[in-house]
Amino acid sequence: MAQNILFICLGNICRSCTAEEIFRTLAQRAGHGDDYHVDSAGIIDYHEGELPDPRMRQTALRHGYRLTHRSRPIRTADFHHFDLIIGMDDRNCDKLRRLAPTETARQKVVAMADYLRHHPEADFIPDPYYGTEADFEHVVELLEDACEGLLEKTRHD
C-alpha cells in the first residue's frame with residue numbers, strides 16, 4: 001500500500017511544490033515510485049490554481065525537475081488522507097497543528113528539516129519568495145537533501 005505524503009508551505013508556489021516533485025523524482029529513480037502518493041498544498045489560498053513561481057520553476061529545471069503542480073490550499077480531508085504532512089518551517093507546522101481536526105492528525109505533522117542529512121546548520125526550509133536567485137538555489141539544494149533523507153527513512157520504517 002502506498003504511503004501518502006503531503007508537503008506544505010505558505011502559498012504552495014515555491015517550497016512545497018518543489019519538494020513534491022523532487023521526492024517523486026527520487027522515489028521513481030530508486031524504483032519506488034509506486035510506493036508513494038505525493039502532493040503539496042499551501043496554508044493560504046492566495047495563489048490557488050497558479051503554477052509555481054517562475055523563478056522556482058527555472059531553478060528546479062536546472063536541477064532536472066519540471067514543476068507543473070497547480071497551487072491549492074490544504075483541506076480538512078487532507079488530514080485524513082495523508083500519512084505524513086510535512087511543513088517547510090515552524091510557522092507552517094504550528095499552523096498545521098492548529099488546523100488538524102484530531103490529535104491523530106496533529107501527530108502526522110512533521111518538519112521537512114527533520115530529514116536533512118548534510119545541512120546541520122539548517123533547522124527549516126527558508127521561503128525564497130522575496131529573495132535572490134541564490135536563495136532559490138539554496139532551497140532546491142536543501143530540499144534535495146531532505147527528500148533523500150525522507151526517502152531513506154520511509155523505506156526503512
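Annotations for the structure displayed:
- Only a single item in (1) farther than 22 Å from PHE136 by Cβ; (2) surrounded by 16 or more Cβ atoms within 10 Å (Cβ to Cβ); (3) at pLDDT below 95 is not met by ALA2, and it is number (2).
- Where a residue in the stretch 59-77 is under 28 Å from THR102 (Cα atoms) and touching a residue at least 12 places away in the same chain (Cβ under 8 Å) and its partner, wherever it lies, is of a type in the set (Val, Ile, Thr) and part of a loop (DSSP other than H, G, I, E, B), with Cβ under 6 Å and at least six apart: SER71/ILE13
- Top-ranked residue in the stretch 116-144 [being within 17 Å of LEU61 (Cβ to Cβ), surrounded by fewer than 16 Cβ atoms within 10 Å (Cβ to Cβ) and free of Cβ contacts under 8 Å to residues at least 40 places away in the same chain; ranked as nearest to the chain's Cα centre (by Cα)]: GLU141
- Lone qualifier among THR154, THR59 - being part of a helix (DSSP H, G or I), surrounded by 12 or more Cβ atoms within 10 Å (Cβ to Cβ) and in contact with a strand residue (DSSP E or B) (Cβ under 7 Å, 6 or more places away or on another chain): THR154
- Inclusion of GLU50 among residues that are assigned to a loop (DSSP other than H, G, I, E, B), at pLDDT 95 or above and either closer than 17 Å to ALA146 by Cα or acidic (Asp, Glu) (or both) is warranted.
- Residue match in the stretch 17-33 (condition: closer than 19 Å to PRO126 by Cβ, in contact with a helix residue (DSSP H, G or I) (Cβ under 9 Å, 6 or more places away or on another chain) and part of a strand (DSSP E or B)): no
- Some residue of the stretch 32-48 being over 19 Å from ASN92 (Cα atoms), free of Cβ contacts under 8 Å to residues at least 24 places away in the same chain, exposed (fewer than 14 other Cβ atoms within 10 Å of the Cβ) and out of contact with any Leu (no Cβ under 7 Å at 6 or more places or on another chain): no
- Among residues that are in contact with a helix residue (DSSP H, G or I) (Cβ under 6 Å, 6 or more places away or on another chain) and of a type in the set (A, V, I, L, M, F, W, C), ALA41 is not included.
- Checking ARG66, ARG91 one by one, the residue that is outside any helix (DSSP H, G or I), out of contact with any strand residue (DSSP E or B) (no Cβ under 9 Å at 6 or more places or on another chain) and more than 13 Å from ASP39 (Cα to Cα) is ARG66 and no other.
The values are calculated or read from the model by the stated rules, or taken from the named source; none is laboratory data. No experiment lies behind these values; they were computed from the predicted model shown. Virtual Cβ from ideal backbone geometry, glycine too; neighbours counted across all protein chains shown.
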